[in-house]
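Shown next, in structure tokens, is the structure this report addresses.
Values quoted throughout were computed directly from the atomic coordinates according to the rules given, and no laboratory measurement underlies them. None of these values were measured; they are calculated from a predicted model. Counting neighbours? That spans all protein chains shown, and the Cβs are built from the backbone with ideal geometry, glycine included.
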């Protein structure tokens, strides 16, 4: 199934947590947010890898780090990361940063074609 804005629903999203487990709803939230935020640039991506890091473990504070790597067809990967107090905010922030970088890359590619 694909949506009309590109291949966002078919975009391969890989979750990497390292040495800890995420709740199933957090993984689902990551898939949904990333596919939604990157829907306009999904056709230029081969896959997205989301890396979760719990910086301070059980301590409180801004200790959730999400790094998202976008694999662009025929280009070097693009990376964005965000730190936040909770996973939802960290995912959203990293995905929005990556989307801005990819939009910029897309603009550069279109300028070269002119």
Based on the Kirkwood radius over alpha-carbon pairs, what is the Stokes-Einstein translational diffusion coefficient of region 24-99 at 4 °C with 1.567 mPa s viscosity, in µm²/s? 103 µm²/s
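If you count, for each residue, the other Cβ atoms within 10 Å and average over each peptide, how do 74-83, 38-47, 19-28 line up from highest to lowest? Kindly include the intermediate steps, with their values, before the conclusion.
Values: 74-83: 14.4, 38-47: 18.1, 19-28: 11.3.
Taking the mean over residues of other Cβ atoms within 10 Å, the ranking is 38-47, 74-83, 19-28.
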Under the 0.36 nm per residue contour assumption, what length would be gained going from the current alpha-carbon distance of residue 73 and residue 10 to full extension? 21.2 nm
How far apart, in nm, are two points set 7 Å out from the Cα along the Cα-to-Cβ line at residue 46 and at residue 32? 3.0 nm
